[in-house]
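Input: a single structure, listed below in structure tokens.
Just so it is clear, none of the values below were taken in a lab; they were calculated from the coordinates. Keep in mind that this is a model prediction, so the values were computed, not measured. Counting neighbours? That spans all protein chains shown, and the Cβs are built from the backbone with ideal geometry, glycine included.
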DNA sequence: TCTGGCCTTGACGTCCGCGTCAAGGTCTAC
DNA sequence: GTAGACCTTGACGCGGACGTCAAGGCCAGA
């Protein structure tokens, strides 16, 4: 199949597929006229990439999974390198979740405290140093992890139709 | 005080402070020679910005807090606009946490399943469609939220000394 | 034959919070 | 007076995963 069809089937764009190829994650045969030509194995690899990107993997982190598939395995996560990435991501996720929960608790506390001060004018706010109240949460865990980033949800098809050349 | 001192005291860089000014978050008086001149109120505003950035706020989202301080309030979150941002961030955080926990559970399941298959060669993997196993988690919550992003931990001072012009 | 739809490569744009460099002005201490 | 630490504006760079545009080649149907 050609690049447009693969993109549509994988719910992504031709630009993304060319980008994956450029990064060495995808390799395409060529027709006599220079068109890229893909088969079902390629489609499978693209689905793997998209699925992993969708749960917050960097593109580079999908490489072991793709190579595992290329090596003939039925699943991209059957290889030790893939499992290592799994474990690393798990640790990252745990750190991110911990940190986000700490932030969440802090924000909820600030919100409650300030709302209470606005409602009943009794004990306004526990007097403290004139520093941002939010700084009190500087005692939050896991600073130097790579980062917590999920661009959005699962990668949805960018547009409806296949019109690339408008 | 001048920009270098403020940067050092706020644990950030002169470049960041100029950037905040450019975005309209900071306003500096000027000395007769054109140098920026800051006071304690400015320092307070910068601390507010840094604290909020450190817990995942976009720069633009810190604006209500800064304006609240400029309006003379003791705390940046005493104003309704700030509280609205709190509430929005809280909802975002909840969505992010939910999603990350779902992903975490999915990854843990994949890891356990694959490790078990490698260890005891009994029931390899529940047979299913030849699709990325990870895709089974496409039933994850909260797709179209802005995003979950914490670049790292609290913003630490970028470097040790004040040497900007090397 | 010609139109239009797909494909090719190359290159620049996007977003965000700055880092970094360049070329020059200012101020203080010696 | 002069070194050197500080300041000014302007402009380009970065990272990640592409979007988008430009200029042109290939191919099928009417």
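For region B:3-78, what does the relative contact order come out to in percent, with C-alpha contacts under 8 Å and a separation of six or more?
Numbers: 61 pairs, mean separation 16.6, N = 76.
Rounded, it is 22 percent for region B:3-78.
Across the copies of the chain, residue A:84 has label points (7 Å from Cα along Cα→Cβ) spaced 5.0 nm apart, shortest distance listed first. Computed on the Cα atoms alone, the convex hull of region B:3-78 gives a volume of 87 cubic angstrom per residue.
In region A:55-81, which residues have a backbone nitrogen under 17 Å from the label point lying 7 Å from residue B:102's Cα in the Cα-to-Cβ direction? A:55-57, by backbone N distance to the label point. With its label point put 7 Å out from Cα toward Cβ, residue A:102 sits 2.6 nm from the same residue's point in the other copies, in order from shortest. Between copies, residue A:43 shows label-point distances of 6.5 nm, shortest first, with the point placed 7 angstrom from Cα along Cα to C-beta. Would you please classify the overall shape of region B:81-121 from the alpha carbon gyration tensor, given that a ≥ b ≥ c denote the square roots of the eigenvalues, rounded means a/c under 1.5, and beyond that prolate means a/b larger than b/c while oblate covers the rest? Prolate is the answer for region B:81-121, as a/c is 1.5 or above and a/b outweighs b/c.
Of all chain A residues, the closest to the A-onto-B rotation axis by Cβ, with that distance in whole Å, is A:149, 2.
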